[in-house]
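Please read the structure below before turning to the comments.
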Amino acid sequence: MTHTVGLIGCPVAHSRSPQMHNAAFAALGLDWRYVLLPTAPDQIASVLQRLRGGELRGVNVTIPHKQAVLPFLDELDSTAVSIGAINTIVVNGDRLMGYNTDVIGFYRALCEVNASVSERSCAVLGAGGSARAVLSVLLTLGACVSVYARDVVKARLALEYEGSIRAWDELKRIDPDTALVVNTTPVGMSPQIDASPWPDNLPLPTQTLAFDLIYNPPRTRWMMQAEQSGARSINGLSMLLHQGAEAFKLWTGCDAPIDVMRVALEVDH
Ligand code: NAP
């Protein structure tokens with residue numbers, strides 16, 4: 001019997017996870033498939049019931065459900081507990097286990113570009129599920145992090161972060177020595193490709209690496225703004241790869257064929 005895993009979120013049409021995972025299953029000769037499962041907030045309970053019923057072996061969880069699914073799970077791994085958001089569910093017997101592989105995904109993506117953030121100023125745009133993973137990695141690496149959110153009070157409660165949380169218009173006063181700015185908002189994601197979270201006519205600090213978690217489109221409007229300011233930019237494709245590789249191992253028990261997955265992501269991109 002073919003084992004099915006998939007992606008729950010709203011929207012999910014932009015996702016490249018099916019190409020990546022289905023290439024990996026084929027390369028290892030596994031009778032598994034990865035499907036998109038568009039899920040509105042009021043459908044979470046019924047989709048998770050399909051996991052308990054054995055129809056699905058696991059799922060990835062994306063925007064906006066990374067925190068909303070928590071009450072439906074039986075157990076969280078230690079990283080997921082400390083982050084307070086998950087992106088991967090594994091069915092283990094009749095139990096649903098939650099994991100956060102965005103943490104390792106973001107960390108490995110940063111390592112790939114040799115980003116050095118220790119004792120440097122870094123900025124995180126947005127305060128949702130993936131911001132928690134990004135913030136945790138940056139603080140572990142010794143960065144001085146400012147989070148920019150459209151609702152500062154809500155962000156402080158959600159992130160449980162004692163450090164600097166600023167309103168969006170405070171970006172005008174961003175530290176010019178900022179080493180890294182990470183966009184964790186969905187602003188600029190396909191199909192809204194003309195949108196950017198960054199104010200018009202505000203240059204990014206020139207020494208910054210602009211890291212957009214968005215990977216579709218591969219070059220977002222914000223990345224273009226960064227390049228026009230003389231800054232470097234990368235998209236979220238390598239984070240997607242590494243978080244996906246970790247989820248693959250959790251579901252199948254097999255080491256993920258990273259090179260196959262990377263090629264699958266880069267095709268048509
Ligand atoms: P989420 O939990 O819904 O969080 C989104 C955050 O963005 C929230 O803080 C939200 O603010 C903020 N936001 C939304 N629209 C905004 C706007 N117009 N202006 C300012 N802030 C805005 O979503 P998520 O799961 O963290 O995902 C966010 C993005 O990261 C998505 O594009 C997702 O595809 C991407 N992502 C990529 C990877 C990867 O592997 N590359 C991994 C994870 C996520 P409010 O709280 O005020 O609504």
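The values are calculated or read from the model by the stated rules, or taken from the named source; none is laboratory data. Remember, predicted model here, so these are calculated numbers, not experimental data. Positions of Cβ are generated from backbone atoms using ideal geometry, with glycine treated the same way; all protein chains shown enter the neighbour counts. The protein model used for the area step is the full one, side chains on, heavy atoms only, and it has no ligands, DNA or RNA in it. Shrake-Rupley method; radii C 1.70, N 1.55, O 1.52, S 1.80 Å.
For the chain, the relative contact order is 17 percent, taking Cα pairs closer than 8 Å that sit 6 or more residues apart in sequence and dividing their mean separation by the residue count. Using heavy atoms of the protein chains and a probe of 1.4 Å, the accessible area assigned to residue 72 is about 80 Å². State the percentage of accessible surface on the chain attributable to carbon and sulfur atoms; use a 1.4 Å probe and exclude ligands, DNA and RNA. So the carbon and sulfur contribution to the accessible surface is 51 percent. In the context of the full set of protein chains, the range 161-238 has a per residue accessible area of 47 Å² (1.4 Å probe).
Around residue 55, with a cut-off of 14 angstrom between Cβ atoms, what is the net charge of the other residues, counting Lys and Arg +1 and Asp and Glu -1? Don't skip to the end; give the middle numbers.
On the way: positive: 33, 50, 52, 57; negative: 94.
Value of the local net charge: +3.
Would you calculate, for the chain, the mean residue ellipticity at 222 nm contributed by helices, counting each DSSP H stretch of 4 or more residues as -39,500 (n - 2.57) and dividing by all residues, to the nearest 500?
Numbers: 9 runs with 90 residues, N = 269.
Mean residue ellipticity, 222 nm, calculated: -10000 deg cm²/dmol.
With a 1.4 Å probe and all protein chains kept in place, how do 82, 17 rank by accessible area, largest first?
Working: 82 95, 17 5 Å².
Reading off the accessible areas and sorting them downward yields 82, 17.
How big is the Cα convex hull of the range 27-141 in projection, averaged over all directions, in nm²?
Directional mean of the projected Cα hull area for the range 27-141 stands at 8.8 nm².
Within the same chain, lysines fewer than 8 places from residue 249 are excluded, and of the rest, those with a Cα less than 22 Å from its Cα are 66.
Indicate the gyration tensor shape class of the range 125-269 (rounded, prolate or oblate), computed on the Cα atoms with a ≥ b ≥ c the square roots of the eigenvalues: a/c under 1.5 is rounded; otherwise a/b larger than b/c is prolate and the rest oblate.
On the way: a/c = 1.96, a/b = 1.35, b/c = 1.45.
Verdict is oblate for the range 125-269.
Which shape class applies to the chain: rounded if a/c is under 1.5, otherwise prolate when a/b exceeds b/c and oblate if not, where a ≥ b ≥ c are the square roots of the Cα gyration tensor eigenvalues? In terms of gyration-tensor shape, prolate.
Averaged over residues, the count of other Cβ atoms within 10 Å places the peptides 152-161, 219-228 in the sequence 219-228, 152-161, highest first.
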